[in-house]
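J.: This structure is in C-alpha cells; I'll ask about it shortly.
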There are 2 protein chains.
Amino acid sequence: MIEKVNVEEKFGRFEEHWKPKIIGELNDSYVKAVKVQGEFVWHDHPSEDELFYVVKGRLVIRLRDAEVALGPGEFVIIPHGIEHLPVAQEEAHILLLESKSTVNTGTLSNARTVTHPERL
Amino acid sequence: MIEKVNVEEKFGRFEEHWKPKIIGELNDSYVKAVKVQGEFVWHDHPSEDELFYVVKGRLVIRLRDAEVALGPGEFVIIPHGIEHLPVAQEEAHILLLESKSTVNTGTLSNARTVTHPERL
C-alpha cells in the first residue's frame, strides 16, 4: 500500500526536541522529522552527507569557519566530514534527509544519541 | 563553500514543465526541482525508489490500481518497479528526491526523457 505523508501531521504527533523520527524510506536513505530548540552538539559524519530542510521556524547551522541561517523553504547540505552545530533560538521543525546509517550525533555517543529512531 | 538553497528562488529561475533541475546533491542522491502541468507518461524505475514532495499546487500520482493525491507539504515515495503516471491539472511545483542514476521517464526513452538534468 502506497500512502502519502503529510509533513505537518507527522510533526503533530510528537513534542520532544532533537529526537528524529523516520517518516520516509527510499533507496539507502531515510527522511526524518525532528523538532529542535536550543543548541545541539558539535559533530560530523565522516562518510555521510546530510540535508537539513526547514519546515517551520529558523535554524542556524554553525560551521567552524562560517554559519548558515535557514528559514522555511530553505535547505542546506552538510558534506561528510564537516563539523557542524545546529542551533535554534526558538522551536523549529526540520526535515532531514540522510543515509540509513547516519546517527544524529555522528561519531559522538552521548545522551542525545539516537541509534534507532522511532518510525511515525 | 557551503551555501543554502532557497527552494522558491530555484523555482523562479525556470518556466518549462517536466524538465527536472538538480538543486542539491548528497550521497548517491539528487534533489531536483520540477514544474509540472498536464499528464506525464506511464513509467517505472526498476531499481530506484522516487520521492515526490509538493511545494505548490496539487499533484496526482496514478498507479495501476490506485491513485495518490498530494497537496503542499505532502510527499509520496513510489517504490522501484511500480508503474506510475504523474498528473497535474494546473501547474504544480515539485521537489524530487531520487538516485543519481534515475531518469525521469524510467525505462522509456522519448521526447520527454531528460538524461542530463541542468543544475541550477
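J.: Report, in whole Å, the centroid distance computed from the Cα atoms of the stretch A:56-89 and the stretch A:18-53.
T.: 12
J.: List, shortest first and in nm to one decimal, how far the label point of residue B:42 (7 Å from Cα along Cα→Cβ) is from its counterparts in the other copies.
T.: 5.7
J.: Choose one answer from B:24, B:12, B:106: the residue with the largest mean-square fluctuation in a GNM of chain B with alpha-carbon springs under 10 Å.
T.: B:12
J.: List the distances, in nm and shortest first, from the label point of residue A:14 to the matching label points in every other copy, placing each point 7 Å from Cα along the Cα-to-Cβ direction.
T.: 3.4
J.: So what's the projected area for the stretch A:76-120, the Cα convex hull averaged over all directions, in nm²?
T.: 4.2
J.: How much accessible area is lost when chains A and B come together, counting both sides, with a 1.4 Å probe, in Å² rounded to the nearest 100?
T.: The A and B chains share an interface burying roughly 2600 Å².
J.: List, largest first, the extents of the alpha carbons of the protein assembly as shown along their principal axes, each in whole Å.
T.: 50, 36, 29
J.: State to the nearest 20 debye the size of the charge dipole of the protein assembly as shown about its Cα centre, where the only charges are +1 on K and R beta carbons and -1 on D and E beta carbons.
T.: It works out to roughly 200 debye.
J.: How shielded is A:63-76 by partner chains, expressed as the average number of their Cβ atoms within 10 Å of its Cβ atoms? Present the calculation step by step, with values, prior to reporting the outcome.
T.: Values: counts 1, 0, 1, 3, 1, 3, 1, 3, 2, 3, 7, 6, 8, 5.
Going residue by residue through A:63-76 and averaging, the value is 3.
J.: Between residue B:60 and the same site in the other copies, what are the distances in nm, shortest first, taking label points 7 Å from Cα along the C-beta direction?
T.: Residue B:60 label point versus its equivalents elsewhere: 4.7 nm.
J.: Per residue, how many Å² of accessible area does the protein assembly as shown show with a 1.4 Å probe?
T.: For the protein assembly as shown, the solvent-accessible area averages 47 Å² per residue.
J.: For chain A, what is the mean residue ellipticity at 222 nm derived from helices alone (per DSSP H run of n ≥ 4: -39500 (n - 2.57); sum divided by total residues; nearest 500 deg cm²/dmol)?
T.: Calculated from helices alone, the mean residue ellipticity at 222 nm is -1000 deg cm²/dmol.
J.: What's the Kirkwood radius of the stretch A:21-120 in Å, using all Cα pairs?
T.: Evaluated over the stretch A:21-120, this radius sits at 13.5 Å.
J.: Give me the dipole magnitude in Debye, nearest 20, for the stretch A:1-99 about the Cα centre, with unit charges on the beta carbon: positive for Lys and Arg, negative for Asp and Glu.
T.: For the stretch A:1-99, the charge dipole is close to 300 debye.
The values are calculated or read from the model by the stated rules, or taken from the named source; none is laboratory data. A quick note: this is a predicted structure, and the numbers were derived from the prediction, not measured. All Cβ positions, even for glycine, are placed from backbone atoms using ideal geometry, and neighbour counts span all protein chains on display. Note: accessible area is taken over every heavy atom of the protein model, side chains too, but ligands, DNA and RNA are not part of it. Shrake-Rupley method; radii C 1.70, N 1.55, O 1.52, S 1.80 Å.
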